[in-house]
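The block underneath contains the structure these notes are about, expressed in structure tokens.
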Amino acid sequence: MKLAIPLVDLVIVCDCGKCCSLIVENQNLLYQILCDLTSQLRGEEGKIILSHNNRVLQISKSLELFSQFVPFELNKKILINKVINRMQNLAMDEEHYYQTNELITLLESYLLDLSVELTGDIEFSKITWENIIKAVGIGFTENYDSLAEKILDYMELVREYDSEKMFITLNLRSYISDDEMNKFVNDVVARGYKLLMVENIEYPIIEHEKRYIIDADKCIIC
């Protein structure tokens, strides 16, 4: 994937077996870049262009920006909905169809037994396998000691349940030590994730990092 930033005539290539980083030392430029990306993530117009194999991609569907790490949540609505849809399809496939219908029958029978103790002729019109799956509160375990591991797992979940995306982190190195960051970047490269780490100051460069710098005068150093 390529991210073109016309504000400074810079193209960042994230398909080279490297984890890319962008150091932006000009505060106003960093603000403009983030505003542009945020607008496009909301489906609005912007100047930054994301492409793959010379085809322009819609940023709102093909990019995620991580600007908040406290807390960093796995259980985003779009992912949970994807999991629910996947489970609903599995519930009615050849392997699970009989078990699904048996469960619905047992649940309906149990609820009818409970309703005998109540006044009125009670019915249960929404006992479906879709509603049962939605009602159980599906979510991913969020018990992590390492922020880096949590981000890696989130990237894997996006790839599995949503699509191949480019991820941009903002000042991630403020939260992760250099040693852990080195392992994190190695894992990112090994798994083939497209990651751009945007920082406002320089940190020690690490293995597999391809660094771009925009200094205070907006000069580009690669």
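So with the 1.4 Å probe, I'd like the accessible area per residue for region 87-136, rounded to whole Å².
Each residue of region 87-136 exposes 84 Å² on average to a 1.4 Å probe.
Given a 1.4 angstrom probe, what's the average accessible area per residue across region 148-187, in square angstrom? Each step should come with its number before you reach the end.
Working: 1600 Å² over 40 residues.
Here the residues of region 148-187 average 40 Å² of exposed surface.
Relative to the Cα centre, what is the charge dipole magnitude of region 65-119, using +1 at the beta carbon of each Lys and Arg, -1 at the beta carbon of each Asp and Glu, and rounding to the nearest 20 debye?
Numbers: 4 positive and 8 negative charges, 116 e Å.
Dipole magnitude for region 65-119 comes out near 560 debye.
For Rg/Rh (Cα atoms, Kirkwood Rh), computed directly from the structure shown, the correct entry in [x] 1.03; [y] 1.14; [z] 0.99 is [y].
Among DSSP beta bridges lying fully in the chain, give the percent that are antiparallel, nearest 5. The answer is about 40 percent antiparallel. Shown for the chain: the carbon plus sulfur share of the solvent-accessible area, taken with all protein chains present and a 1.4 angstrom probe, equals 50%.
The values are calculated or read from the model by the stated rules, or taken from the named source; none is laboratory data. Worth saying up front: this structure is predicted, and the values here are computed from it rather than measured. All Cβ positions, glycine included, derive from the backbone under ideal geometry; neighbour counts span all protein chains shown. The accessibility values were calculated without ligands, DNA or RNA, using every heavy atom of the protein model including side chains. Shrake-Rupley method; radii C 1.70, N 1.55, O 1.52, S 1.80 Å.
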